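Participant: Let me give you the structure first, and then I'll get to my questions.
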Amino acid sequence: MPMPSRRSLNRRDLFRLTAGVGAASVLAACAGPGGDKSSSSSSAGPISFAHWRAEDKEVFAQIIKDSKLDVRQDISPSNDYQSTALQKIRGGAVGDAFTAFRGAQFLEIAKAGVWSDLTGKPLVQKYEPNLIAAGTQDGKQLGLPYQLVFNTPLANRDLVTETPKDWDGFLALLETLKGKGVTPIAWPGGDAANAGQLLNVMVVNNAPTDDALGKIETGQAKVTDDWFLTVLKQYQQLTPYFQKGATGTSSDAALALFAQGKAGLLATGSFQVSGVRKLGATFPIDLLAPITTTADKAKYEGVFNATFILGVNAKSSKQDAAQAWLDKLSDPAVAGVYANGTAQHVTVKGVEYTNADLKALAPWLTKKTALAPRFQFSNLDVRGAVENAAVQVVGGKSPEEAAEAAQKVVDQKK
């Protein structure tokens with residue numbers, strides 16, 4: 001993994017406010033390369049674009065309309081998409097163009113031979129090279145990570161006015177929020193896809209090495225190791241500050257609690273900013289990670305990820321039209337429409353960010369952030385067991401019991 005200073009520099013380069021990319025240039029871009037190719041295949045019906053971002057549906061629909069490409073969105077909830085996408089797309093009927101999560105799902109789809117090789121395609125040059133490494137396998141560019149997200153809790157800055165630099169300070173902040181009569185942390189413990197987002201920031205400063213979570217899968221580390229027991233003990237300390245029934249709370253319910261101003265923090269990430277705004281929230285939003293160590297031992301201020309990996313289905317009969325769709329999304333003007341419409345930073349070069357929340361979160365592009373460690377797992381069962389240990393602790397199990405139960409699953413999967 002690259003050193004923080006290098007990542008910070010590259011992400012600073014990514015955040016270029018290049019003036020002059022307005023609506024007229026977006027419309028012009030939509031008439032660019034790829035249009036002829038897709039129109040020739042339109043008689044075969046729309047291509048299927050499979051993804052999990054229901055909150056992006058309207059923005060994608062507008063891009064599809066403006067581009068005059070024949071595209072149908074096939075959207076599944078993120079947890080379902082994580083577990084069933086490969087079965088759906090490997091036959092080629094769904095997901096002519098599709099997306100994948102970084103890590104286990106990307107690798108699983110690569111093993112099945114479903115990615116069409118994009119190596120050498122002109123669109124690859126439109127991306128920041130250091131941010132699309134998660135889409136490579138064996139030297140080939142199989143997919144293009146589209147989103148640059150921060151898997152770091154959202155903070156309502158009307159309620160959260162401090163930024164603690166150590167664990168004791170973070171607990172004191174939560175106590176202050178509780179004293180104000182609000183839920184300190186809204187946590188979707190009942191949604192496996194999002195419950196594990198908090199684990200990212202709980203691990204990065206506690207872990208002895210940046211790849212420590214991945215080493216649990218290979219057997220070089222264990223869930224019962226002292227450093228991970230520390231993580232679980234800290235979840236135990238956080239338990240009184242989660243909402244009632246946290247282990248059964250859905251992502252939508254946690255999102256609503258935060259959007260209504262009833263929670264100081266939402267323990268997911270920047271990918272939910274647009275969802276908060278759609279529920280009518282007007283308060284200023286920032287990111288705030290719990291620093292789980294003393295200030296002098298903290299290596300990172302938060303976590304980032306490059307995900308939502310775009311690809312063309314090698315099993316599809318409409319690969320040309322699917323390629324045209326990816327070409328369109330890779331245009332900086334169109335990527336800007338997506339970014340500003342969804343409050344998501346992207347990995348495409350030269351995008352103009354005009355969204356107020358993206359501008360507010362711009363400082364995070366240059367902070368010391370770690371690449372999200374929960375995606376180091378290549379086996380989803382192992383990842384599920386490790387993440388579930390934290391859920392079990394919040395539900396009342398001792399850290400030691402939860403760790404031993406998780407380690408048994410890990411051992412069985414070797």
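Participant: If I filter region 87-122 down to residues being more than 19 Å from Asp74 (Cβ to Cβ) and assigned to a helix (DSSP H, G or I), which single residue comes out as most open to solvent (accessible area, probe 1.4 Å)?
Facilitator: Filtering region 87-122 down to residues more than 19 Å from Asp74 (Cβ to Cβ) leaves 102-104, 107, 110-111, 113, 117-122.
Pick out the ones that are also assigned to a helix (DSSP H, G or I) and you get 104, 107, 110-111, 122.
On the way: Ala104: 7, Leu107: 66, Ala110: 26, Lys111: 188, Pro122: 104 Å².
That would be Lys111.
Participant: Further question on the same structure: If we only count helices (runs of 4 or more DSSP H) wholly inside region 155-232, which ones have 2 or more residues that are over 21 Å from Ala372 (Cα atoms) and open to solvent by 10 Å² or more (accessible area, probe 1.4 Å)?
Facilitator: Details: elements: 167-179, 192-195, 197-203, 212-218.
Answer list for region 155-232: 167-179.
Listed here are the residues, each with its yes/no results for (1) touching a strand residue (DSSP E or B) at 6+ places or on another chain (Cβ under 6 Å); (2) modelled with pLDDT under 95.
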site	(1), (2)
Asn79	no, yes
Ser83	no, yes
Gln87	no, yes
Gly95	yes, no
Arg102	yes, yes
Ile109	yes, no
Asp117	yes, no
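Participant: Still on this structure: Is one or more of the residues making up region 280-289 in contact with a strand residue (DSSP E or B) (Cβ under 7 Å, 6 or more places away or on another chain), hydroxyl-bearing (Ser, Thr, Tyr) and not in a strand (DSSP E or B)? Talk me through it step by step, then tell me what you get.
Facilitator: Taking region 280-289 and keeping what is in contact with a strand residue (DSSP E or B) (Cβ under 7 Å, 6 or more places away or on another chain), we get 283, 285-289.
Right, trim to hydroxyl-bearing (Ser, Thr, Tyr) and you get none.
No, the conditions are met nowhere in region 280-289.
Participant: Only one of Gln237, Gln260, Gln319 is surrounded by fewer than 24 Cβ atoms within 10 Å (Cβ to Cβ), of a type outside the set (A, V, I, L, M, F, W, C) and free of Cβ contacts under 8 Å to residues at least 60 places away in the same chain; which?
Facilitator: Values: Gln237 fails: free of Cβ contacts under 8 Å to residues at least 60 places away in the same chain; Gln319 fails: free of Cβ contacts under 8 Å to residues at least 60 places away in the same chain.
It is Gln260.
Participant: Give me the pairs: first residue in region 156-175 and basic (Lys, Arg), second residue open to solvent by 30 Å² or more (accessible area, probe 1.4 Å), beta-carbon distance under 7 Å, and six or more apart or on different chains, which are they?
Facilitator: Arg157/Pro284; Arg157/Asp286; Lys165/Ala295
Participant: Which of the residues belonging to region 371-403 are within 20 Å of Asn205 (Cα to Cα) and charged (D, E, K, R)?
Facilitator: Within region 371-403, Arg374, Arg383, Glu387 qualify.
Participant: Suppose we filter region 285-308 for residues that are closer than 24 Å to Ala100 by Cβ, touching a Pro at 6+ places or on another chain (Cβ under 7 Å) and modelled with pLDDT of 95 or more; how many remain?
Facilitator: Step one: of region 285-308, the residues closer than 24 Å to Ala100 by Cβ are 302-308.
Add one more test, that the residue is touching a Pro at 6+ places or on another chain (Cβ under 7 Å), and what stays is 306-308.
When the remaining residues are screened for being modelled with pLDDT of 95 or more, the result is 308.
Qualifying residue count for the region: 1.
Participant: OK, next. Filter region 379-402 for residues that are under 26 Å from the mean Cα position of the chain (by Cα) and closer than 25 Å to Lys299 by Cα; which is surrounded by the fewest Cβ atoms within 10 Å (Cβ to Cβ)?
Facilitator: In this case the residue turns out to be Glu387.
The values are calculated or read from the model by the stated rules, or taken from the named source; none is laboratory data. Quick caveat, the model's predicted, so the values are computed rather than measured. Heads up, the Cβs are rebuilt from the backbone with ideal geometry, glycines too, and the neighbour counts pull from every protein chain shown. Ligands, DNA and RNA are excluded from the accessible area calculation, which covers all protein heavy atoms including side chains. Shrake-Rupley method; radii C 1.70, N 1.55, O 1.52, S 1.80 Å.
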